[in-house]
Structure formats: C-alpha cells, structure tokens
Amino acid sequence: MSSSAQPNAASTAPVITRTEVTWRGERSFDAGPAGRTHRIDANAKEGPGPVETLLNALATCSSTDVIDIIAKRNTPVERLVVRVVAERRPQYPRRVQHLSFDYQIDGAGIERTHAERAIRLSFERYCAVAASLAPDIVTEAKLTLNGESFPAVVQKVWTPASD
C-alpha cells in the first residue's frame, strides 16, 4: 500500500516476485531470497509451519495496509497486534476454509470508522496475499480500538471479477 511499494498506475507489466526454498533436512526449509531467509518447519519445532507462514503473510500484508491508510489521516497507529485463526478441513488437503482476524489497534485520535475502513480497504483492494487465496474462504475481521471491542465483520476479499 505504501506509495514506494505501489507500481505506476499506468504500468501494465506484471510485477515479478521471486523466492527460493532450500531443504535443511527432515521437514525443515530455509525460505526467502538470498540473504533474507527464514526457517519454515513442517514439524513446527524450529519455526512456523507452512500454514502458519501463510497466516503470518496475511497478517503482515494487511497490517501494513492498515498502518499506511490510518497514517494518511494524521492519526498514526501506536500499537497493532493481529491474531489470526484459520479453520481448516479435517481431511486432506487440509485447506483453509475460514479466517478470523482480530485487529487490536491503539493510537490517539483514531476513529472506529477509519480503522474499519482501513481493514476493509486492505482486503478489498490492497492485500496481495489475501487476494491470492481461493475466493470461497470466508474471511472476517474483529476490531478492538484503544481497548474497545467491536463485532466481527465479514470482509469482501478482492477477486478478478471485482476489478
């Protein structure tokens, strides 16, 4: 979402992102571009597993958008924690079917409507990770702003048809 990360609106060239995964034995991998790797452990002993890594990517992608959008209102986020819970199929493939996000945001002057709008815009327009998921995954987000909790809201996630 940040302006430095946004491609030129007139550009029609695809954005290319590359990474590399190197097996480190058992079910453990180093993942990421050279010099910026992190451990992904399918046994969840030395690092997050693959699905936890997906959830981390979703939360950080959306959080970056939320922080940037709220900052544009001159009410910067002072603290943000996002907890994500994924409900998965009991059978293989145990794909994600439902996502629940709990955004805990603190910051002086941030209004509920602005925080909820920032979350909505992240899912509807900016978060590339969320937009890359299957469209049948139900995604909802709950907001706690400066200690006050609000009900969860189902988020409309961007799809090619919504462009």
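Inspection of the range 39-55 finds no residue satisfying the criterion of being outside any loop (DSSP other than H, G, I, E, B), on the phi < 0 side of the Ramachandran plot and touching a Cys at 6+ places or on another chain (Cβ under 7 Å). Is it the case that THR19 is open to solvent by 50 Å² or more (accessible area, probe 1.4 Å) and polar (S, T, N, Q)? Against the criterion (open to solvent by 50 Å² or more (accessible area, probe 1.4 Å) and polar (S, T, N, Q)), THR19 qualifies.
When PHE101, PHE123 are checked against the criterion of being under 27 Å from PRO50 (Cα atoms), outside any helix (DSSP H, G or I) and in contact (Cβ under 8 Å) with a residue 24 or more places away in the chain, PHE101 stands alone in meeting it.
Can you find a residue that is in contact with a strand residue (DSSP E or B) (Cβ under 8 Å, 6 or more places away or on another chain), more than 22 Å from PHE123 (Cα to Cα) and loosely packed, with under 11 Cβ neighbours inside 10 Å anywhere in the range 91-108? Looking for residues that are in contact with a strand residue (DSSP E or B) (Cβ under 8 Å, 6 or more places away or on another chain), more than 22 Å from PHE123 (Cα to Cα) and loosely packed, with under 11 Cβ neighbours inside 10 Å, one finds none in the range 91-108, hence no.
One residue stands out in the range 22-51 among those that are among the hydrophobic types (A, V, I, L, M, F, W, C) and over 21 Å from ALA86 (Cβ atoms): the one that is most open to solvent (accessible area, probe 1.4 Å), namely TRP23.
Considering only residues of the range 70-90 that are of a type outside the set (D, E, K, R), over 24 Å from PRO135 (Cβ atoms) and in contact with a strand residue (DSSP E or B) (Cβ under 7 Å, 6 or more places away or on another chain), which is surrounded by the fewest Cβ atoms within 10 Å (Cβ to Cβ)? Restricting to residues being of a type outside the set (D, E, K, R), over 24 Å from PRO135 (Cβ atoms) and in contact with a strand residue (DSSP E or B) (Cβ under 7 Å, 6 or more places away or on another chain), the top hit is VAL81.
Screening THR64 on (1) open to solvent by 40 Å² or more (accessible area, probe 1.4 Å); (2) of a type in the set (S, T, N, Q); (3) on the phi < 0 side of the Ramachandran plot; (4) free of Cβ contacts under 8 Å to residues at least 60 places away in the same chain shows it passes everything except condition (4).
Residues checked against (1) in contact with a helix residue (DSSP H, G or I) (Cβ under 9 Å, 6 or more places away or on another chain); (2) at pLDDT 95 or above; (3) of a type in the set (Val, Ile, Thr):
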position: ALA31; (1), (2), (3): yes, yes, no
position: ILE40; (1), (2), (3): yes, yes, yes
position: GLY47; (1), (2), (3): yes, no, no
position: GLU52; (1), (2), (3): no, yes, no
position: ALA57; (1), (2), (3): yes, yes, no
position: ARG79; (1), (2), (3): no, yes, no
position: ALA86; (1), (2), (3): yes, yes, no
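Selection within the range 129-163: residues that are out of contact with any His (no Cβ under 7 Å at 6 or more places or on another chain), open to solvent by 40 Å² or more (accessible area, probe 1.4 Å) and part of a strand (DSSP E or B). The member of this set that is nearest to ASP102 (Cα to Cα) is LYS142. Just one of the listed residues (VAL82, VAL154, VAL129) is of a type in the set (Val, Ile, Thr) and touching a residue at least 24 places away in the same chain (Cβ under 8 Å), namely VAL129.
The values are calculated or read from the model by the stated rules, or taken from the named source; none is laboratory data. Note that the structure is predicted; figures quoted are calculated from it, not measured. Reconstructed Cβ throughout: ideal geometry from the backbone, glycine too, with neighbour counts over all protein chains shown. Note: accessible area is taken over every heavy atom of the protein model, side chains too, but ligands, DNA and RNA are not part of it. Shrake-Rupley method; radii C 1.70, N 1.55, O 1.52, S 1.80 Å.
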